[in-house]
Structures are given as C-alpha cells and as structure tokens.
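Working notes, structure below.
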Amino acid sequence: MHARLSFRHGVHPPEHKSLTAGVPVRRMPYPDEIVLPLRQHAGKPARLLVQPGDRVERGDKIGEADGFVSVPIHASSAGTVRDIGWWPHPDGSMAEAVRITVDRYSPQIPRPRIIPRWEGLTPDQVVRAVQRAGVVGLGGAAFPTHVKLLPPEDVAVDTLIVNGAECEPYLTTDHRVMVEYPERVHFGIRVMLHTLGVSRAIIGVERNKPDAIEALQSTVPDDLDVSVQGLTVKYPQGYEKMLIQVLTGREVPPGKFPMHVGAVVQNVASLACIAEVFETGLPLIERVVTVSGPGLRRPSNLIVPVGAKIRDVIEFCGGLLDEASEVVFGGPMMGASQPDLDAPIIKSTTGVVALTRRESKARRTYPCIHCGRCLDACPVFLNPSELGILAQAGRYEEMEDASLATCMLCGCCSYVCPSNIPLSQMFALAKAGAQRRKQQAA
Amino acid sequence: MSETSRIGSLQLQLRASPHLKAPDTTPRIMWNVVGSLVPVIAAATWYFGPSALLVISAATAGALLTERAFAPPGSLADGSAAITGILLGLTLPPGVPLWIAFVGGAFGIGFGKLVFGGLGQNIFNPALLGRAFLQAAFPAAMTTWPGSPAAWGQLRGDNLAFPFTSPSVDAVTEATPLGLMKFESAPTDVGSLMIGATGGSLGETAGIVILVCGAYLAVRNYLNWRIPVSIFLSVAILSGLLFSLDSTRFPSPLFALFSGGLMLGAMYMATDLVTSPVTNVGAWIFGFGIGILVVVIRTWGGLPEGVMYAILLMNALVPFINRATQPRPYGSRGTNAGREAEA
C-alpha cells in the first residue's frame, strides 16, 4: 500500500466535471474573424511582423519571439490582416492584437514545411524547435515551454513531473487530452526526457479521472520509466508546488523554481502539443478548451483556433442561457471574469465557464470573526486572516514579512471565508504593489 | 467587489476570483449556534420553570437593544448579539431579578464588544464579561440559588423585583453541587449532574444536552472541537490526580466535568470564534490552559466555580498564543516544513 498522495489543507469545491468529462473533443469551425494578441504568454510579448493588408496562411508567423523568455505567435487561420490595434485581452486589460479576416474559401492547409526529426537533434536544437513553434504551458500560466527544457548549468534535474491533476471545477481539457491522446502525451514525455537528460517521469492525475489514468497506464512505452499516480481529489492539487510536494516530498523554497529541487513540471496538454510539433511541424495555433457551466446551453470540449472570440465559441455551443450572469476564462477558482465577449481565446485559455446568478450572487461582507478556516484551507500554510487584516489597514510592508511572497493566489482562503472577505483579491493587489516598490527601488 | 456590464440583453458580472464560494456565511454560523441552544433553553425551562425563559429573554433583550442602539444598522441580523444574550442568560441563577439580567446583556454587548469596534474586534467573550460585571456588581443576587417551588409554573425567587430594591427572598435557598462540594465536601450524584436535576445556573445543569448540542456544532465545523476536547482532557486528568490523592476532599473527574458551568463554558464560551485562537495548535494550548485554571480555581480559589474567570484569563492570552503558534509557510524550512507546521 503506497502513501496517500495528497497535501495538507486545500478545499473541496463542487467539481461539476460530469457536464463535459465524457464529451469527446470536436473541432470548432473557423469563425469570420481571428484576433491574436501579441501577449499570450509569461515573459516578453512577441514582436509584430505583419502589416494591415498582408495575406497570411494558417501557421504563418505574425509575431517574433522577443528574447529567450518569449515565443512567436502564429496565424491560426488563413486570411488577411485587417487591422492592428488595441483589443480586449482576456486578462481584463487591452492589448495590442492582430485582427485577421478569415478566408472562407481557404482549405486551411499550411505552407509546406520540414518536420524536424527530434531523435537527431541536440538538446539545444530541440529547445529552439519548441520555441519556434510557440509552445507554452497550456495549464493556464502560459510559461514558455522551451525555457523549462534548458535548466541552468548549476541545477540537477532528476524528475519530470507531468501535470494531469486538473483540479479546477468544470474543466475537462486535460482530462480529454489524456483520454483521447495518451500516445501524444507519452511522445511529449519522451522528447522532454531526452532533452533534459532525465530518466524518470511521474504523471499525477486526480483519482476522479479513472479513464485517463487507465488510458495513460495502458500506453506507457516499454522503454520509458513513466509511472502514473492517482492523486487525492482536492483543490489546488494541480499547482506546481503541491504536485512536487505530493509526488517527490520536496518543497520549492520561496522565490525559487521547481528546477531548484530537481523537478520540471509540464502539463499534459503542453506535452501533447510538443508531440504535435514533431509529428506535424505545425506550431501552437489551436488548443483544447472546455466550454461549460450551468449558464451554457451545450457544454462541450472543443479544439478552438487560438484567437477565436468568446462570442463565437459560446455561439457554437448553443449560446448562453437567460440566467447566465458571468463568463469566466479558466476555472472558476482562479479564472478571470470577462467584461467583454469580444476577447479572444488565447494559448493559456483552459476553459470558458458560464456561471449563473446562483453561483455569482453578490454576498455581504462581514468583519473577520477569526474562525481560522482560512488557515485550515491555505495549502502553503500562511495566515490569510492576519494578512487580510494587514491589507485592510494598508500595512503592505508587514504583509511581506508575513510571507506574502509564498501566496500562490489559489483562492482557497476567499472560498472558505464565511465573512466573504475578498482575501485573495487583496493579496493580488498587495503582491502587485510589492512588485512596483521593488522596481522603484531598483 | 462586483461590477456589471451590459451586452445586448445580457448583464455580465465582473468579479474577482474565486467565483465559487463555500456555502457557510458568518450569519449562518451564528444562527446555527443560536439554533443549537434551543434544546439547552428547553432543558433550563424544564428544570426551572418560566423563570428560565424570563431571565434568558431579559438578558437577550439587553444585548439586542444595546446592539441595535450603538452598532451599525443591520448588525442584529448577523446573530452574534443574540448568542451573547442567550449565553449570558444561561449562566444566570434562576431567581435573578430580570432588570439585572437585562443590565448584564447590555453591559456584555456595550463594554464587551462594541467598545472594541464591534463584531470580530473584541478580546473577551462578551457574555462572560457581562456575567463577570454582574458578579462584581450584584454578588448577592448572583449567588442566591432558590430551591424548587411547589409548582412548575411558579417563579423561582424574585424575578420581578423593582430595580435597585433589595429582593424579597422568602423562598428557601439551596446550594449548588459545587458549593456543597467546596464548603461541605458533599459530592452530588453524577447521574443527576448529567441530566441536570440539580441546583445551579439556568443552562449549566443539563450536561448531556449541552454535550450533544455542542457535538452537533463541532460536526458542522461551527466550533473548533480541539478546544472542548482539550478542556475536558485537562480537567479530567488534573481532577483525576487530585481525586486519587484524597477522594474524600476532592471531587471525582466525572463530577468535575459535569458540575458548574464547565460544559457550557467548554462547548459554547471558550469556542467563541472571535475570542479563541485561530491556529489549531493554539486551540489546544488555549483549551489546556482553561482546564488547568478551572481546576486550580475550584480547588484552591475562594470561589466554588472558576470556569468564567479561567476563560476570560485565557481570552486575554489569545493574541500571544496566536503569535506563538503561527504556521510555518510552505518551503520555508527544508522539505518537511509543511508537515511539521501544526497538529
């Protein structure tokens, strides 16, 4: 009997995954217009390569990587560049974006290309091929994948951790990828192990996805050391820090990366994407998105071209119900609610969830009653109650002394708070303020 | 923190994550505590007649009216003032004049809670602070335990005494089990203690009822079970030690657990969310501290009962307990920091 694979604390929000867990992925038709923001990943935004009026084919580069921690952006459809300008970004801001009018008559066949054969490539060449394909982490954070493939000289990586936890309610994106494309996941693992020079990979999957565990287990290649581990169903099981702790017993010190404790974490969908790069030569121009929630007529798992507007995706899923009151990008625990349905699906969009008034009912906020539930929920062992009191008093420097930097903004504290204090929102603001102060000091 | 934007006929809300919320709210917790006290009030009425209802109502009225008068509008709805009033009423002797109960409720809310800034800000349990005030201001009324009258419907003592007159005590008084034990070394049968068929404060006698109601709250996670458990453990162990030294002078552990205000104090007073520690390690320390103080005061103090002072003393230490038992953040110490962090 192996140890219980779980971390301490965390919360159990209702999962609601049955809406789409069994729905096979299908392809959404091309909308009339595609909008591609140049900032779709962590790191520097891409540099613009096209002008209005330019004709692009599916897979053409429209933005170039600006430095090492950056990736290019590719056209997800054939068409004509209509306009370049500010457009609503799913993070709530406005961002520079390329609008492409989709060519309705194009067969959407990419230009002829050479498919790189990864076996012959040196690690450096694999890293460059992955960067050229614009691959980023598809689990939500959108960190450029190739950066994780090239650890600095002074760190020794011994384990590749594959994240198939998918702990956010409603989302079944990774679930469907694992069930439908397990071979691609293993292919991606093979490329990563080879490039990192690591022999061991562990796939962590929450136990509420037995079909995904089964699919992955039955397809493990004989020559790879890959184990599939069922994890306790608990939010935020899919956070890097939690996953590393659960699967290796190691803790990532604050301000450090998983590499520093010998682990590289990669999401299953990102691995399948790496596999696609070396199978088809196509860059990252489409992704699996769960479109779900009680406010949506036909919850689905879709392959969506990057840049499709939420409006078009929702329309393809039958539209919103009358009682829909909030549209969230990503899962409901950490996602951002959208003011504008013109914002596009970007590389990091794991899901679109339409909530109803029942979920998003405004609640009154009460003073902190020191019940301690947030302490029992915090997966990184902070004291959100005290941090919240400091935040309300504007004592931001003291919050940093109280380990604010360790907070991952998972939202567990806000979720359990009976007084409805917007704890994680206050912490996000305080973290942004700390960042600004640091930059001003430098 | 929400905003709406209109898209066609559709109103979209903009809110910060998380977009889901656990069902419990502060008023829901508070009103559940009030609800769980109904059987305790019923038991008090069963044993002490209409006096019980009158005294509890008077204390609650004092608490609610003070909250209504001085707290921000709408704060009555959160239920916390009702808890204070009911709990104070349950700690009063059945024969106490109603105006005294009313003053106690008003003092508990006014000086126990509102002067600190209202809900969540107070250091001491407001109900116990109200009782401590009454104990100091009206010692005679607070220590008069009238005996059972001829009929259930008859008032116990001079409930209706006019304010600031000396109550006309013509009823026969009886001693509480703790008083009997302390001053006459006469233990009361533990069975009667458990079901509450003894003299004492209104809501403190029916030990079993309080235990069951408190357990309900613990199961629903409306109180931290570590606090009553640690109080019971420390009281049982300490009084067990004393009992084994001299079983004629000292009460048995079961007597210690079911006599006086211990049950009500451990289940309802010490577990007040606002005035108990936020950390679980802190809860253990807090509970053990109360248990030890209770036995020390009962055994060596001048008063027969010490639960109230034990809890108030430990309330004062809560900020220090919180400070000393902060959890250790993830990643701050080697690989086992998280697991060592707390019990």
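The values are calculated or read from the model by the stated rules, or taken from the named source; none is laboratory data. Fair warning: this is a prediction, and the values are worked out from it, not measured in the lab. Glycine gets a Cβ as well: all are built from the backbone with ideal geometry, and neighbour counts include every protein chain shown.
Structural remarks
- Enumeration of residues in segment B:73-132 that are among the hydroxyl-bearing types (Ser, Thr, Tyr) and within 14 Å of chain A (Cβ to nearest Cβ): B:SER75, B:SER80, B:THR84
- Unmet requirement for A:LEU216, which otherwise passes all of (1) crowded, with 21+ Cβ neighbours inside 10 Å; (2) in contact with a His (Cβ under 8 Å, 6 or more places away or on another chain); (3) farther than 30 Å from A:PRO29 by Cα; (4) of a type in the set (A, V, I, L, M, F, W, C): (3)
- Qualifying residue in segment A:325-333 (condition: in contact with a Leu (Cβ under 7 Å, 6 or more places away or on another chain), within 7 Å of another protein chain (Cβ to nearest Cβ), part of a loop (DSSP other than H, G, I, E, B) and not β-branched (Val, Ile, Thr)): yes
- Evaluated against (1) surrounded by 23 or more Cβ atoms within 10 Å (Cβ to Cβ); (2) on the phi > 0 side of the Ramachandran plot; (3) of a type in the set (A, V, I, L, M), A:MET399 falls short on exactly one condition, (2).
- Scanning segment A:253-285 for residues that are surrounded by fewer than 21 Cβ atoms within 10 Å (Cβ to Cβ), at negative phi, part of a loop (DSSP other than H, G, I, E, B) and at pLDDT 90 or above returns a single hit, A:LEU282.
- Residues located in segment A:30-47, provided they are more than 19 Å from A:ILE109 (Cβ to Cβ) and either buried (at least 17 other Cβ atoms within 10 Å of the Cβ) or in contact with a Cys (Cβ under 7 Å, 6 or more places away or on another chain) (or both): A:GLU33, A:VAL35, A:LEU36, A:PRO37, A:LEU38, A:ARG39, A:GLN40, A:HIS41, A:GLY43, A:PRO45, A:ALA46
- Residue in segment A:388-395 that is of a type in the set (Val, Ile, Thr) and facing chain B (nearest Cβ under 9 Å) present: no
- Qualifying residue in segment A:374-381 (condition: of a type in the set (Gly, Ala, Ser), crowded, with 18+ Cβ neighbours inside 10 Å, within 7 Å of chain B (Cβ to nearest Cβ) and in contact (Cβ under 8 Å) with a residue 12 or more places away in the chain): no
- Within segment A:111-123, residues that are surrounded by 10 or more Cβ atoms within 10 Å (Cβ to Cβ) sit with their Cβ atoms under 6 Å from residues that are aromatic (Phe, Trp, Tyr), at 6+ positions apart or across chains, in these pairs: A:TRP118/A:PHE278.
- Residue match in segment B:41-57 (condition: buried (at least 19 other Cβ atoms within 10 Å of the Cβ) and within 11 Å of chain A (Cβ to nearest Cβ)): no
- Residue within segment A:209-225 that is closer than 23 Å to A:GLY411 by Cβ, more than 14 Å from chain B (Cβ to nearest Cβ) and in contact with a helix residue (DSSP H, G or I) (Cβ under 8 Å, 6 or more places away or on another chain) present: yes
- Of all residues in segment A:67-90 being surrounded by fewer than 16 Cβ atoms within 10 Å (Cβ to Cβ) and either touching a helix residue (DSSP H, G or I) at 6+ places or on another chain (Cβ under 8 Å) or over 12 Å from A:LEU36 (Cα atoms) (or both), the one that is nearest to the other protein chains (Cβ to nearest Cβ): A:VAL69
- Test for A:THR365: is it part of a loop (DSSP other than H, G, I, E, B) and closer than 30 Å to A:ALA269 by Cβ: no
- In summary, helices (runs of 4 or more DSSP H) completely within segment B:244-343 and bearing 3 or more residues that are at pLDDT below 95 and at the interface with chain A (Cβ under 10 Å from one of its Cβ atoms) occur at B:337-340.
- Within segment B:23-40, none of the residues are more than 23 Å from B:THR275 (Cα to Cα), touching a strand residue (DSSP E or B) at 6+ places or on another chain (Cβ under 8 Å) and outside any helix (DSSP H, G or I).
- Checking each residue in segment A:340-362 for being within 24 Å of the chain's Cα centre (by Cα), part of a loop (DSSP other than H, G, I, E, B) and more than 8 Å from every other protein chain (Cβ to nearest Cβ) picks out A:ASP342, A:ALA343, A:ILE345, A:ILE346, A:LYS347, A:SER348, A:THR349, A:THR350.
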